[in-house]
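One structure is given below, encoded as structure tokens.
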Amino acid sequence: MSSYHVLVMSDGTGETAYRMLKAAMAQFQEDVVITRYANIREREQIREILKAATAASSEDTLVVYTIVSPELRSFLKGQAEESNIQSVDLLGPLMDALAGFFKKPPVAKPGLLHRVDEEYFNRIDAIEYALRHDDGRSIKDIETADLVLIGVSRVSKTPVSIYLAQEGWKVANITTVLGMKPPKELFEIDQHKIVGLTMDPSRLAEFRTERLRQLGVNDSSYADLERVKEELEHAKSIFAQNPKWPVIDVTGKSIEEIAQDILDKVIGRGRKL
């Protein structure tokens, strides 16, 4: 059986190429060895990497790369062809298309996507904020949040909060509890940045059942369908009393889709990415 080896080469961290490769590999049932090479800035680096790959003749090798310099991209492609190694340029064709679209050449500066700058630290701060304000924690300073998510347990509040935080949004989330009112601090902030999340009760009961299984906990009431319906109705009544809160049904939606819906409704389609 063949042994497959994919070389991920980048003039930055290689994270973009790696994620794209993993997304594509999800469609194939193959065992693959992935080796990442970051900060590729010199021709000699390319020569050495491909030389080592060629020496491993027992493996079928593919090179996947994201390099902004057109000269270095061309050199890598040529070297791969000489070594009889397949190569895929993930960034070049897109940059060429964008250059034609914007009618100007790219700056061709490596590492811009993952540079350590003010925006990077803002994202770190936002992630820390989301963790501190998860599930109603640190409610006293909730007015500092960009967005506040509210809903019953297991409607994806936490993963959506973390996803949005990775884009720089400070997100707090609060869980509604049957028979209890939300904290008073929630009604003292700008009501337009609060979003209610809901879900189909049967689907939510399935999620809770799976969560209990993962934790090895036997709590039939938490995943009981009738109990779930009561909790959702309670949350629905809270949403109805606060018409300024948009409500999003997250049933069947990915985290990315939910986050996009939230930003569309609260910030508008001119939102920052």
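For segment 42-78: of the residues being without any contact (Cβ under 8 Å) to a residue 40 or more places away in the chain and of a type in the set (S, T, N, Q), which is surrounded by the fewest Cβ atoms within 10 Å (Cβ to Cβ)?
Per the stated criteria, the residue is SER57.
Those residues that are open to solvent by 70 Å² or more (accessible area, probe 1.4 Å) and part of a strand (DSSP E or B), I need them from segment 79-102; list them, please.
Within segment 79-102, GLN86 is the sole residue that qualifies.
Name the single residue, out of those in segment 19-36 being closer than 16 Å to SER87 by Cβ and open to solvent by 70 Å² or more (accessible area, probe 1.4 Å), that is nearest to the chain's Cα centre (by Cα).
Ranking the qualifying residues of segment 19-36, first place goes to MET20.
Restricting attention to segment 103-129, report how many residues are among the acidic types (Asp, Glu) and either under 19 Å from the mean Cα position of the chain (by Cα) or surrounded by 11 or more Cβ atoms within 10 Å (Cβ to Cβ) (or both). Spell out how you get there, then give the answer.
Filtering segment 103-129 for residues among the acidic types (Asp, Glu) gives 117-119, 125, 128.
This time we only want the ones that are either under 19 Å from the mean Cα position of the chain (by Cα) or surrounded by 11 or more Cβ atoms within 10 Å (Cβ to Cβ) (or both), so: 119, 125, 128.
Matching residues across segment 103-129 total 3.
Going residue by residue through segment 113-134, is there one that turns out to be assigned to a loop (DSSP other than H, G, I, E, B), in contact (Cβ under 8 Å) with a residue 40 or more places away in the chain and farther than 22 Å from VAL266 by Cβ?
First, the residues of segment 113-134 that are assigned to a loop (DSSP other than H, G, I, E, B): 113-117, 133.
Now restrict to residues that are in contact (Cβ under 8 Å) with a residue 40 or more places away in the chain: 113-114, 133.
Subset that is farther than 22 Å from VAL266 by Cβ: 113-114.
Checking segment 113-134: at least one residue is assigned to a loop (DSSP other than H, G, I, E, B), in contact (Cβ under 8 Å) with a residue 40 or more places away in the chain and farther than 22 Å from VAL266 by Cβ.
Would you confirm whether or not segment 210-229 contains a residue that is open to solvent by 10 Å² or more (accessible area, probe 1.4 Å), touching a Phe, Trp or Tyr at 6+ places or on another chain (Cβ under 9 Å), of a type in the set (A, V, I, L, M) and farther than 28 Å from TYR120 by Cα?
Initial filter on segment 210-229 (open to solvent by 10 Å² or more (accessible area, probe 1.4 Å)): 210-227, 229.
Right, trim to touching a Phe, Trp or Tyr at 6+ places or on another chain (Cβ under 9 Å) and you get 211-212, 223.
Restricting the remaining residues to those that are of a type in the set (A, V, I, L, M) gives 212, 223.
Within this subset, residues satisfying the condition of being farther than 28 Å from TYR120 by Cα are 212, 223.
For segment 210-229, residues open to solvent by 10 Å² or more (accessible area, probe 1.4 Å), touching a Phe, Trp or Tyr at 6+ places or on another chain (Cβ under 9 Å), of a type in the set (A, V, I, L, M) and farther than 28 Å from TYR120 by Cα: present.
Can you find, within segment 201-250, the residue that is farthest from LEU178 (Cα to Cα) among those that are among the polar types (S, T, N, Q) and in a loop (DSSP other than H, G, I, E, B)? Let's see the steps before the verdict.
If we filter segment 201-250 for residues that are among the polar types (S, T, N, Q), which is where we start, we get 202, 209, 214, 218, 220-221, 237, 241-242.
After this cut, where a residue has to be in a loop (DSSP other than H, G, I, E, B) as well, the list is 218, 241-242.
Values: ASN218: 20, GLN241: 16, ASN242: 17 Å.
If we take residues in segment 201-250 being among the polar types (S, T, N, Q) and in a loop (DSSP other than H, G, I, E, B), then ASN218 is farthest from LEU178 (Cα to Cα).
The values are calculated or read from the model by the stated rules, or taken from the named source; none is laboratory data. Computed from a predicted model, the values in this text were never measured in an experiment. Neighbour counts run over all protein chains shown; Cβ positions are idealised from the backbone, glycine included. These accessible areas exclude ligands, DNA and RNA; they are computed on the full protein's heavy atoms, side chains included. Shrake-Rupley method; radii C 1.70, N 1.55, O 1.52, S 1.80 Å.
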